[in-house]
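Bear in mind these aren't lab numbers, they're just calculated from the coordinates by the rules spelled out. In this text, all values refer to a predicted model and were calculated from it rather than measured experimentally. Here the Cβ positions follow ideal geometry from the backbone for every residue, glycine too, while neighbour counts run over all protein chains shown.
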Protein chains: 2
Amino acid sequence: MALIVQKYGGTSVGSTERIQAVAEKVKKYHDAGNQVVVVVSAMSGETNRLIALAEEITPRPSAREMDVLLSTGEQVTIALLSMALHHLGVDARSYTGGQVHIRTDSAHSKARILDIDGERVKADLEAGRVVVVAGFQGTDENGNITTLGRGGSDTTAVAMAAALNADECQIFTDVDGVYTTDPRVEPKARKLDRITFEEMLELASSGSKVLQIRSVEFAGKYNVPLRVLSSFEEGEGTLITLEEEDVEKAKISGIAFSRDEAKLTIRGVPDHPGVAYQILGPIGEANIEVDMIVQNIGKDGTTDFTFTVHRNDLANALDILRRTADELGAREVEADDRIVKIALVGVGMRSHAAIASNMFKALAKEQINIQMISTSEIKVSVIVDEKYLELGVRTLHEAFGLDKIEA
Amino acid sequence: MALIVQKYGGTSVGSTERIQAVAEKVKKYHDAGNQVVVVVSAMSGETNRLIALAEEITPRPSAREMDVLLSTGEQVTIALLSMALHHLGVDARSYTGGQVHIRTDSAHSKARILDIDGERVKADLEAGRVVVVAGFQGTDENGNITTLGRGGSDTTAVAMAAALNADECQIFTDVDGVYTTDPRVEPKARKLDRITFEEMLELASSGSKVLQIRSVEFAGKYNVPLRVLSSFEEGEGTLITLEEEDVEKAKISGIAFSRDEAKLTIRGVPDHPGVAYQILGPIGEANIEVDMIVQNIGKDGTTDFTFTVHRNDLANALDILRRTADELGAREVEADDRIVKIALVGVGMRSHAAIASNMFKALAKEQINIQMISTSEIKVSVIVDEKYLELGVRTLHEAFGLDKIEA
């Protein structure tokens with residue numbers, strides 16, 4: 001008998017029929033002798049309906065009241081799913097975030113979970129009940145309703161699994177697992193059976209949108225085995241766990257990419273300590289996130305500085321950078337939004353320095369010019385012209401043998 | 001500076017425009033220097049939408065989950081109304097029933113309020129905020145969400161007013177006050193400026209549907225001055241309070257009536273102690289409420305027994321009564337659903353026995369035959385043929401001078 005936490009997103013519970021289908025899936029796990037906690041999102045469309053109501057009232061609704069409003073979305077789903085389970089003869093009980101003491105900080109609309117008291121849930125599980133919990137929400141220390149922000153239901157599920165010391169946290173989505181790369185770009189892409197938390201994090205931060213980054217971090221931190229699988233098809237999905245034993249064999253898990261990148265360059269900046277802060281400080285203050293950063297020191301006492309931001313932030317970042325350039329007496333500022341990021345991810349990279357050079361060699365062979373490089377322990381990212389996206393991904397997929405079944 | 005609790009029902013908050021109109025009304029009271037707590041219902045139509053979702057899932061949803069589902073309706077309204085108040089520059093904060101500790105028993109869908117902790121609300125009021133509370137809901141001692149049943153928002157408002165020791169509880173509805181009788185039956189009906197709790201209770205239980213009985217009982221018990229007034233028009237409405245000083249002047253407040261009655265008669269029952277229980281016991285066990293009861297003891301050692309029930313319960317009650325008649329060896333059973341109840345209500349009745357006889361005289365003058373009579377301290381009810389409803393009401397309205405302004 002295992003204790004499983006399952007999470008079903010908005011599309012999976014998007015209609016009363018789909019809620020009934022989820023109930024049957026849950027019943028199957030429950031009938032097999034497992035203790036099951038189910039975390040659900042609002043029915044798809046519901047959150048937008050509520051936002052539209054708020055916008056009819058005021059252009060700038062308070063974050064606190066927005067959380068009171070939006071948290072009703074999941075509350076509707078938990079009630080309906082519990083009813084559907086009862087209809088199938090499964091004893092079930094629903095709880096809002098506050099009711100199972102999902103304590104968060106007070107950052108309305110983007111709160112972080114501080115603590116979960118699993119006692120009430122455990123008592124229901126012991127009594128043979130399925131427990132249905134509203135995702136995406138909690139309450140702060142004063143009992144105010146908070147929401148965790150987009151994708152927050154994944155985080156609720158993982159946090160709940162950690163609090164209950166669950167055997168597995170299963171995230172049901174509209175894909176059947178994590179792939180070596182996007183099958184729409186490389187048809188030979190292969191579903192992975194297993195992947196480590198770190199790899200999943202790097203894949204997610206490089207554009208693979210299967211899971212929210214925060215939920216993967218959380219799962220890694222508390223060592224909660226995480227499984228991604230399809231709401232609509234049968235299958236084992238992909239299991240995300242701590243590092244495996246046999247990573248020595250230069251394992252590459254996948255290739256992530258992102259089209260949402262833009263590159264900014266400031267050239268001929270008089271170089272002195274603190275110049276990086278002077279350039280990036282104002283960008284950060286404008287709440288623009290910077291991804292890759294490269295600095296080249298020139299021979300004439302000046303430096304060139306290049307960084308990437310989300311494409312939506314480019315215009316704003318460019319304005320700020322131009323002002324900074326004036327202040328610092330820099331020579332010129334350039335912007336380029338016709339670039340993409342491609343990243344090779346795998347824990348095997350740690351012990352095999354050759355991987356990065358093999359990557360560069362494979363790209364060079366196809367005449368793909370690399371504009372920026374950034375490396376982490378288990379990832380090598382490159383920025384290339386956007387026209388090379390598909391070719392680059394397929395070249396690397398082939399070069400690292402990702403289409404072949406793992407040994 | 002007064003502390004006022006206001007309640008707005010589903011029609012009053014039926015659209016975002018109407019919510020904005022309520023916000024303006026609330027702002028007016030707040031700007032005038034009052035501390036204001038607002039209790040709201042779900043937007044009209046919302047409860048039915050949620051019920052329809054549940055019915056798509058299962059024909060018999062659990063009462064606990066139904067409460068989880070339906071309580072989202074008021075939660076949406078409190079958030080939207082708070083936003084609308086913010087938009088007008090009024091500081092406001094919303095709370096669900098659970099958040100302001102509206103403790104109820106565990107009778108899902110028809111829970112009773114046990115206790116309210118007003119401390120949190122008071123702190124907000126002291127800070128100059130308007131407090132917006134979800135009506136119709138609370139939580140039981142285990143934190144389960146409960147609802148108070150239909151009309152429960154009135155009860156929330158009164159209970160909140162009692163807990164806060166409010167100066168007045170204002171119930172905003174679609175009528176502008178309590179009338180001497182239904183203006184659709186007697187165009188000369190006059191709005192009352194004041195009425196006592198007891199009179200209001202008798203009017204409500206005799207078919208006048210302005211307020212829920214339970215909320216009037218609650219207000220009377222805790223002596224919370226209650227005012228009924230219109231959401232849509234200006235006006236002072238009707239104030240409902242404890243008995244006034246000058247009741248000696250034979251005051252009649254109004255005439256209530258009900259078309260929902262049916263009469264059952266069992267004749268020739270061998271009379272012995274306990275026969276009333278033998279007849280009414282099985283009716284009560286079937287959860288059928290009995291209103292008026294008349295027993296006539298005959299000369300031949302048998303008794304005739306007549307009582308009224310809600311018209312919807314007639315068929316069921318008749319089945320039961322026929323079985324009882326067989327068991328008791330009664331002569332016959334009769335049913336009549338072409339009857340109505342007309343009731344004269346007023347605290348002045350206590351000290352003026354003549355009122356009942358004046359009532360009977362006025363009806364006799366119009367050839368209206370009285371089938372049953374029942375009296376309480378402040379009410380005289382009669383059952384008459386339904387064809388006399390309008391004539392009977394108008395006759396009594398005129399006979400007791402209800403169209404004339406109070407001295």
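Nearest 20 debye, what's the magnitude of the dipole of segment B:1-71 about its Cα centre given +1 on Lys and Arg Cβ and -1 on Asp and Glu Cβ?
Dipole of segment B:1-71, to the nearest 20 debye: 240 debye.
Please report which chain A residue places its beta carbon nearest the axis carrying chain A onto chain B, with the distance rounded to a whole angstrom.
Of all Cβ atoms in A, the one closest to the rotation axis yields A:72, 2.
Taking the label point 7 Å from Cα in the Cβ direction, how far apart in nm is residue B:284 from each other copy of itself, listed shortest first?
When each copy's label point is compared with this one, the spacings are 7.7 nm.
Between residue B:112 and residue B:277, what length in nm is gained on full extension when 0.36 nm per residue of separation is reduced by their alpha carbon distance?
The residue B:112-residue B:277 span can extend by a further 56.5 nm.
Distances in nm, one decimal, shortest first, from residue B:236 to the same residue in every other copy, taking the label point 7 angstrom along Cα→Cβ.
With the label placed 7 Å along Cα→Cβ, residue B:236 yields 8.1 nm.
Write out the GluC sites (Glu not before Pro) in segment B:131-210 meeting two conditions: DSSP loop, and at most 15 other Cβ atoms within 10 Å of their Cβ.
Hits after loop and neighbour filter: B:141.
Suppose the chain between residue B:60 and residue B:15 were pulled fully straight at 0.36 nm per residue; how much longer would it get relative to their current alpha carbon spacing? Kindly include the intermediate steps, with their values, before the conclusion.
Working: separation 45, 0.36 × 45 = 16.20 nm, distance 2.99 nm.
So the extension gain works out to 13.2 nm.
Which one, A:2, B:152, B:308, projects farthest toward the positive side of the charge dipole computed for the protein assembly as shown from Cβ point charges (K/R +1, D/E -1)?
The residue sitting most towards the positive pole is B:308.
Give me the Debye-computed log₁₀ of I(q)/I(0) at q = 0.16, 0.20, 0.28 Å⁻¹ for segment B:173-234, equal point scatterers on Cα only, no solvent, two decimals.
-0.51, -0.79, -1.36
Taking the Cα-to-Cβ direction at residue B:326 and at residue A:316 and moving 7 Å from each Cα, how far apart do the two end points lie in nm?
8.1 nm
Check cross-link reach from residue A:191 to the lysines: straight Cα distance under 20 Å, and skip same-chain residues fewer than eight apart.
Cross-link targets: A:209, A:249, A:251, A:379, A:404.
Would you please give the FRET efficiency between residue B:391 and residue B:174, computed as 1/(1 + (r/R0)^6) with r the Cβ-Cβ distance and R0 = 22 Å, to the nearest 0.05?
Efficiency, from the Cβ-Cβ distance: 0.20.
Need one number: nm distance between label points at residue B:142 and residue B:217, each 7 Å from Cα along Cα→Cβ, rounded to one decimal.
Using points 7 Å along Cα→Cβ, the separation is 2.6 nm.
List the trypsin sites (Lys or Arg not before Pro) in segment A:128-196 that DSSP assigns to loop (not H, G, I, E or B) and whose Cβ has at most 14 other Cβ atoms within 10 Å. Which are they?
A:150, A:184, A:188
State, to one decimal in nm, how far the label point of residue A:285 lies from the label point of residue B:91, with both points 7 Å from Cα in the Cβ direction.
Modelled inter-label distance: 3.0 nm.
Treating only the Cβ of Lys, Arg, Asp and Glu as charged (+1, +1, -1, -1), what charge dipole size does chain A show about its Cα centre? Round to the nearest 20 debye.
360 debye
From other protein chains only, count the Cβ atoms within 10 Å of every residue's Cβ in A:223-230, then give the mean.
For peptide A:223-230, the averaged partner shielding equals 0.
So, in Å, what gap is there between the alpha-carbon centers of segment A:309-334 and segment B:341-407?
Here the answer is 87 Å between Cα centres.
Sequence neighbours fewer than 8 away in the same chain don't count; with that in mind, list the aspartates and glutamates whose C-alpha is under 18 Å from residue B:110.
Straight-distance partners of residue B:110: B:65, B:67, B:74, B:140, B:141, B:154, B:217, B:289.
Can you classify segment B:123-269 as rounded, prolate or oblate using the Cα gyration tensor, where a ≥ b ≥ c are the square roots of its eigenvalues, rounded means a/c under 1.5, and otherwise it's prolate if a/b beats b/c and oblate if not?
In terms of gyration-tensor shape, oblate.
Before rounding to the nearest 500, sum -39500 (n - 2.57) across all DSSP H runs of length at least 4 in chain A and divide by the residue total; then give [θ] at 222 nm in deg cm²/dmol.
It lands at -11000 deg cm²/dmol.
Name the longest site-free stretch of chain B, where the excluded sites are chymotrypsin sites (Phe, Trp or Tyr not before Pro) in a DSSP loop with no more than 16 other beta-carbon atoms within 10 Å.
Excluding the exposed sites themselves, the longest stretch runs over B:1-221.
Where a ≥ b ≥ c are the square roots of the eigenvalues of the C-alpha gyration tensor, would you call segment B:306-407 rounded, which needs a/c under 1.5, or, failing that, prolate if a/b is larger than b/c, or oblate?
prolate
Enter the Cα centre distance for the pair segment B:53-91 and segment A:18-36, rounded to the nearest angstrom.
Measuring centre to centre over Cα atoms gives 27 Å.
Compute the label-point distances linking residue B:370 to its equivalents in the other copies; points lie 7 Å from Cα along Cα→Cβ; give nm, one decimal, shortest first.
10.4
For segment B:3-173, just say rounded, prolate or oblate: build the C-alpha gyration tensor, square-root its eigenvalues into a ≥ b ≥ c, call rounded for a/c under 1.5, and beyond that prolate if a/b exceeds b/c, oblate if not.
On the way: a/c = 2.20, a/b = 1.40, b/c = 1.57.
The shape class here is oblate.
Can you tell me the 0 to 90 degree angle between the C-alpha axis of helix B:314-328 and the longest principal axis of chain B, rounded to 10?
Approximately 40 degrees, to the nearest ten.
Place a +1 charge on the Cβ of each Lys and Arg in segment A:27-67 and a -1 charge on the Cβ of each Asp and Glu, then give the dipole magnitude about the Cα centre in debye, rounded to the nearest 20. Could the numbers behind the result be given before it?
Details: 5 positive and 6 negative charges, 37 e Å.
Approximately 180 debye in magnitude.
Can you tell me which of B:108-117, A:152-161 comes out highest on packing, and rank the rest after it, using the mean Cβ neighbours within 10 Å?
Going by the mean number of other Cβ atoms within 10 Å, highest first, we get A:152-161, B:108-117.
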